[in-house]
1. Would you mind finding the one in 156, 169, 205 that is among the hydrophobic types (A, V, I, L, M, F, W, C) and over 18 Å from residue 241 (Cα atoms)?
2. Is segment 71-90 home to any residue that is modelled with pLDDT of 95 or more, within 29 Å of residue 129 (Cβ to Cβ), buried (at least 23 other Cβ atoms within 10 Å of the Cβ) and aliphatic (A, V, I, L, M)?
3. Would you pick out the residues in segment 148-191 that are within 15 Å of the chain's Cα centre (by Cα) and in a loop (DSSP other than H, G, I, E, B)?
4. Among the candidates 200, 208, 157, which residue alone is surrounded by 24 or more Cβ atoms within 10 Å (Cβ to Cβ), at pLDDT 95 or above and aliphatic (A, V, I, L, M)?
5. Give the residue, chosen from 249, 239, that is over 14 Å from residue 36 (Cβ atoms) and in contact with a helix residue (DSSP H, G or I) (Cβ under 9 Å, 6 or more places away or on another chain).
6. Determine whether segment 37-58 contains at least one residue that is aromatic (Phe, Trp, Tyr) and without any contact (Cβ under 8 Å) to a residue 40 or more places away in the chain.
7. Scan segment 73-109 for residues that are touching a residue at least 40 places away in the same chain (Cβ under 8 Å), more than 22 Å from residue 157 (Cα to Cα) and in contact with a strand residue (DSSP E or B) (Cβ under 8 Å, 6 or more places away or on another chain) and jot them down.
8. Could you list, in sequence order, all residues of segment 47-56 that are within 25 Å of residue 2 (Cα to Cα) and crowded, with 21+ Cβ neighbours inside 10 Å?
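The values are calculated or read from the model by the stated rules, or taken from the named source; none is laboratory data. From a predicted model like this one, the values you see are computed outputs, not experimental measurements. Positions of Cβ are backbone-derived with ideal geometry, glycine not excepted, and every protein chain shown enters the neighbour counts.
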Amino acid sequence: MDTIEQMDKWRGRFAAWSRKHDSTAGDGVEEGYPFVENKRSPFTPARRALPMLNLALITSAGGYIDGADPFDATAPGGDMTFREIPREVELADLRFAARGYEPVFVTQDVNVQIPLDRLTEFEANRVIGRLNSAFWSFCGFIPDAGRMVEEILPKLVARLQRYEVQAALLIPASRLCHQSVSLAARAIEQSGIPTMTLGVQRDVLEIVHPPRAAFYEGQIGSVVGEPNWPQYQRRVLDEALRWIEPMDEPSILNLGVELESQVEKQRGER
């Protein structure tokens, strides 16, 4: 199954859009941007329970280590590179090439887009088997999805296989990131690694068709939950991750985290 179905047709649509728009300008691509439209999803069943999995984290928030080369958020078509970052990195040392989302939330709490603290807690509590020793970051504002599929995703999949990853959690940051991350999930799933995409833009998820997606009415730039509210973040991640194993076909699931959090606010617990 192709990561982008009918690639030639999509390239034609993108070329027509590109002739009328400067993809290096501004933070949005809403005006007629030809989002990828897939009809089917690849699917790999989980062969191990969540507490036995080596889980990879993939973020499209443009995170990189301070002092390293930043992502080029103005590159025509998008930056076609990714960063492999040790999980032991100090969160205060992370910087962000924020394109397509406001960095206000991630500057308050990195965990809203790169939830290393929450996933480390999950590892300690045996919710997951272990968090992989490295995670992967790219700048997901990539209008040229065709180049991304050809240039980034084969290399990313190869690194996941090198680490013997057994499942992957993918977290977008912007609206266009939902397309980029969904395409990454499709490529990873085709390689035999089950995935879960956490998202807050359901319409993009529905047309790009990642294999598994967990949706709730969250915020762009704060997809894992509200900043400095670890209980909220844990609920989002726990519910999403626990669906990796029982799912037996491609689906988009609605998370119940919003109702729980509203009750918590009404009780004055937040």
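1. Values: 169 fails: over 18 Å from residue 241 (Cα atoms); 205 fails: over 18 Å from residue 241 (Cα atoms).
From the options 156, 169, 205, the qualifying one is 156.
2. No - not one qualifying residue is present in segment 71-90.
3. 152, 172, 173, 174
4. Values: 200 fails: surrounded by 24 or more Cβ atoms within 10 Å (Cβ to Cβ); 157 fails: surrounded by 24 or more Cβ atoms within 10 Å (Cβ to Cβ).
From the options 200, 208, 157, the qualifying one is 208.
5. Details: 249 fails: in contact with a helix residue (DSSP H, G or I) (Cβ under 9 Å, 6 or more places away or on another chain).
That would be 239, the only listed residue that is over 14 Å from residue 36 (Cβ atoms) and in contact with a helix residue (DSSP H, G or I) (Cβ under 9 Å, 6 or more places away or on another chain).
6. Start the filter on segment 37-58 by keeping residues that are aromatic (Phe, Trp, Tyr), which leaves 43.
Those left that are additionally without any contact (Cβ under 8 Å) to a residue 40 or more places away in the chain: none.
No, segment 37-58 has no match at all.
7. 73, 97, 98, 99, 101, 103, 105, 106
8. Of segment 47-56, the ones within 25 Å of residue 2 (Cα to Cα) are 47, 55-56.
The answer is 55, 56.
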